[in-house]
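Notes to accompany the following structure.
Read the figures in this text as sums done on the coordinates, not as results from a lab. Since the structure is predicted, the reported quantities are computational estimates derived from the model, not experimental observations. Glycine gets a Cβ as well: all are built from the backbone with ideal geometry, and neighbour counts include every protein chain shown.
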Amino acid sequence: MLSVTDLRGQTPSTAQLRRAVPRGGTDVAAVVPKVEPIVHDVRERGVAAALAYGEQFDGIRPPALRVPAEPLAGAVDTLSDAVRAALEESIARIRKVHAEQRPEPHTTTLADGARVTHLFRPVERVGLYVPGGQAVYPSSVLMNVIPAQEAGVDSLVVASPPQEANGGLPHPTILAACHLLGVDEVWAVGGAQAVALMAYGDDEEGLEPVDMITGPGNIFVTAAKRLVNGTVGIDAEAGPSEIAVLADDTADPIEVAYDLISQAEHDQLAASVLITDSEDFARRVDEEITARYTVTRNAERVREALSGQQSGIVLVDDLDAAIAAADAYAAEHLEIHTANASEVARRIRHAGAIFIGRYAPVPLGDYSAGSNHVLPTSGTARFASGLSTFTFLRAVNLIDYDEQALKEISHHVIALADDEDLPAHGEAIRARFENLPTDKEN
């Protein structure tokens, strides 16, 4: 089922490796012209436009855009005991990890009376998008809300599509997750129109715009985030889900097969890649996938994803070559199934999150590991990080110099200002210690 890229007997460059590894992705630019009129319309007409587009695309017009308090609180009662317990335990683990991420302020003393303090200020208001398409994602509520809360964000809104089966409200499990986290502002709006409404707000309806938008979504949501980027901050342009498994012949082919299948069920464009130096192991994994994927409820989706150009097997000569290939691929999720897996994991430079050994599969991270599952895709893990408490913090410097400290450094500042032909910069320094002539005096 999986196509094979054979790199054995070669020493490819980094550029060659990046071209060789399986890659799919989506063409966001191609849908921007379709999304741009929606974003502009919502910017001009606010809620009225957003509700009209929701009725057109989702087939339902909610009774109110903002979900009332009663159904928000009541949604918790729709949860089974097992799901509620799972959400509560996951919340506790995710909160603990993200609470300990928050950095402390630091002051550097450069000389007597010369100090620079590095502070972290939270984004004031955040919009968090939670999709509601092929599956329900209460886990996305947890992964977006908790780091924002732990960063100290004052105000946040969750937007999720209305559903006809739920009377125009977002899915009850989404609402329940929001209530368990103490979120009291939820908008029944999805797609590009949700992104635009969060970015621009609606004064007449009392909806404040946000300063930052995070959360995954389909290609139309991603295009809308691209269009509003700059008006607000965004976390990233999320692509389809990815898993790469770096394995040798000590790994269990059945476990690896299931891990590749598990991520392929996200959608038809999801990527599942096996990187190995064992041709026999690769063959066994492919056989297990073929024998087992049909059992899953989402078999057709899995088949399309695994047979697509974005999925496949990469054969290499040895462990060093496997690590090089994994770094070139820069997977959203990277599993390590090798001897000395912990040591191998620490040699990886590029991955959104690294899962070590057979007892840390990607689905653990999707829900309850405590780590965040909103991660860089499409090779962007080479330069980007996953969602975290840091995402919602802005670094601010406080510069505190007294008179003597400024005087001691002033000649250096003036020299650099003159060299850049910006003499007024130097004069701003000199004015504190000299009586500079006016134009009349000149």
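Quick check: net charge around Asp41, other residues with Cβ under 15 Å of its Cβ, Lys/Arg +1 and Asp/Glu -1?
Value of the local net charge: -1.
Translational D (Stokes-Einstein, µm²/s) of the stretch 1-54 at 25 °C and 0.890 mPa s when Rh comes from the Kirkwood sum over C-alpha pairs?
Answer from the Stokes-Einstein relation: 160 µm²/s.
Sorted by packing (mean other beta-carbon atoms within 10 Å per residue), highest first, where do 142-155, 410-423 land?
Descending mean neighbour count gives 142-155, 410-423.
Would you kindly work out the equivalent ellipsoid of the stretch 402-442 from its C-alpha gyration tensor and give its semi-axes, the square roots of five times the eigenvalues, largest first in whole Å?
Gyration-tensor ellipsoid for the stretch 402-442: 19, 15, 6 Å.
Please report, to one decimal in angstroms, the Kirkwood hydrodynamic radius of the stretch 136-199 built from all distinct Cα-Cα pairs.
So the Kirkwood estimate lands at 12.1 Å.
When the convex hull of the C-alpha atoms of the stretch 183-286 is computed, what volume per residue in Å³ does it have?
138 Å³
So for the pair Ala48, Glu279, with labels modelled 7 Å out along Cα→Cβ, what separation do we get in nm?
6.9 nm
Sequence-distant or interchain residues sharing an amide H contact under 5 Å with Gly312, placed H: which?
Ser272, Val273, Leu274
In the neighborhood of Arg115, defined by Cβ-to-Cβ distances under 11 Å, what is the net charge if each Lys or Arg adds +1 and each Asp or Glu adds -1?
So the surrounding residues net to -3.
Using the alpha carbon gyration tensor of the stretch 245-295, what are the three equivalent-ellipsoid semi-axes (square root of 5 times each eigenvalue), largest first, in whole Å?
Semi-axis lengths for the stretch 245-295 are 19, 12, 8 Å.
Find, among the trypsin sites (Lys or Arg not before Pro) in the stretch 207-307, those assigned to loop by DSSP (not H, G, I, E, B) with at most 13 other beta-carbon atoms within 10 angstrom.
Here the sparse-neighbourhood loop sites are Arg297.
Using Cα centres only, tell me the gap between the stretch 331-371 and the stretch 102-126 in whole Å.
If we compute the Cα centre of each part, the gap is 33 Å.
Answer with one residue from Val83, Tyr137, Gly113: the one whose Cα lies farthest towards the positive end of the charge dipole of the stretch 52-187, charges on Cβ with Lys, Arg +1 and Asp, Glu -1.
Most positive-ward Cα: Gly113.
Per-residue ellipticity at 222 nm for the chain, helices alone: DSSP H runs ≥ 4 residues times -39500 (n - 2.57), over residue total, nearest 500 deg cm²/dmol?
-13000 deg cm²/dmol
Excluding Asn397 itself, what net charge comes from residues whose Cβ is under 12 Å from its Cβ, given Lys and Arg +1 and Asp and Glu -1?
+2
Dividing the convex hull volume of the Cα atoms of the stretch 50-162 by its residue count, what figure in Å³ per residue is obtained?
Enclosed volume per residue, from the Cα hull, is 152 Å³.
If packing is taken as the average count of other Cβ atoms within 10 Å, what order do 85-98, 308-321 fall into, highest mean first?
Highest-to-lowest ranking by the protection proxy: 308-321, 85-98.
Largest first and to the nearest Å, give the Cα extent of the chain along each principal axis.
91, 62, 42
List, in order, the whole-Hz ³J(HN,Hα) value for each residue of the stretch 353-370 obtained from phi through the Karplus relation with A = 6.51, B = -1.76, C = 1.60 and θ = phi - 60°; use x for Gly and Pro.
Result, ordered by residue: 8, 10, 10, 9, x, 6, 9, 10, x, 4, x, 4, x, 5, 10, 10, 5, x Hz.
Which is the longest stretch in the chain that no exposed loop site breaks, taking sites as chymotrypsin sites (Phe, Trp or Tyr not before Pro) with a DSSP loop state and at most 12 other Cβ atoms within 10 Å?
1-358
Can you give me the C-alpha center-to-center distance between the stretch 157-175 and the stretch 235-268, rounded to a whole angstrom?
Here the answer is 29 Å between Cα centres.
Given the alpha-carbon gyration tensor of the stretch 310-442, what are the semi-axes of its equivalent ellipsoid in whole angstrom, ordered largest first, with each equal to the square root of 5 times an eigenvalue?
After scaling each eigenvalue by five and taking roots: 56, 18, 14 Å.
For the stretch 166-176, what does the Karplus curve 6.51 cos²θ - 1.76 cosθ + 1.60, with θ = phi - 60°, yield as ³J(HN,Hα) per residue in whole Hz, taken in order and with x for Gly and Pro?
Each residue of the stretch 166-176 in turn: 10, x, x, 8, x, 4, x, 5, 5, 5, 5 Hz.
Find which of Gln10, Ala176, Ile289 sits farthest along the positive direction of the dipole of the chain, computed with +1 on the beta-carbon of Lys and Arg, -1 on that of Asp and Glu, about the Cα centre.
Going by the charge dipole, the pick is Ile289.
For the stretch 368-413, I need the span (max minus min coordinate) of the C-alpha atoms along each principal axis, in Å, sorted largest to smallest.
Principal axes ranked by extent give 54, 23, 13 Å for the Cα atoms.
Enumerate the amide H contacts of Glu242 below 5 Å, restricted to partners 5 or more residues apart or on another chain; note that Pro and chain-start residues carry no placed amide H.
Sorted by chain and number, the residues that satisfy this are Ala271, Glu332, His333.
In degrees, nearest 10, range 0 to 90: what is the angle between the Cα axis of helix 138-151 and the longest Cα principal axis of the chain?
Result, in degrees: 20.
So if I take the centroid of the Cα atoms in the stretch 384-427 and the same for the stretch 1-58, what is the distance between those two points in Å?
Their Cα centres are 39 Å away from one another.
Taking the Cα centre of the chain as origin and charging only Cβ (+1 Lys, Arg; -1 Asp, Glu), how large is the dipole, in debye to the nearest 20?
540 debye
Of Gly365, Ser311, Val21, which is farthest on the positive side of the dipole of the chain, counting Cα position, with +1 on Lys and Arg Cβ, -1 on Asp and Glu Cβ, and the Cα centre as origin?
So the residue we want is Ser311.
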